[in-house]
Amino acid sequence: MKRNQQQTKVLEKAMEYQSKENPIKRKRNQQETKALEKVMGYQDKVRLMVLEVLREETGRELAAKARFNEEEFDWNEHNTEFRQDYADTPINELLAYAKRFYGLKDLDAVRERRKAHKQQRAARFAEAS
């Protein structure tokens, strides 16, 4: 009978320990959760990609216009203003702008244009160094 009481106490302690969260595990889980909360969802990433392609295309067009008119064009100002103006624009509206102003018919066309932008940027950096 004494042995049963000891076993019962051990089991109770084990159950009590299991019901309490281990602070090390809790911290690890909190970090994982926080990291996941920081990650942007796929739809938001796609929307930002479309936004950045439009920003780049618009900036190139306005920069060319400024050069033609012998004016200065400030890319930093353009980037800031463009992002402020269109930051909350839904993806459907951004895709409609891409199609209307730049002939980018669908998301695949936007991806191809983004790829071209990256390649051009990499070539400029390679020439500069």
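Rule-based calculations on the coordinates, nothing more; no lab input. Because the structure is a prediction, the values reported are computed rather than measured. Heads up, the Cβs are rebuilt from the backbone with ideal geometry, glycines too, and the neighbour counts pull from every protein chain shown.
A few notes on this one:
- The mean sequence separation of alpha-carbon pairs under 8 Å and at least six residues apart, normalised by the residue count of region 27-96, gives a relative contact order of 40 percent.
- Spin-label proximity, Arg60 to region 76-119 - amide N less than 15 Å from point 7 Å beyond Cα toward beta carbon: 98-99, 101-105, 109-119
- Cβ-Cβ FRET estimate between Lys115 and Arg67, R0 fixed at 25 Å, reported to 0.05: 0.50
- Report note on the peptides 76-86, 37-47: ranked by the mean count of other C-beta atoms within 10 Å, highest first, their order is 76-86, 37-47.
- Tensor-based shape of region 60-125 (alpha-carbon gyration tensor, a/c under 1.5 rounded, otherwise prolate or oblate): oblate
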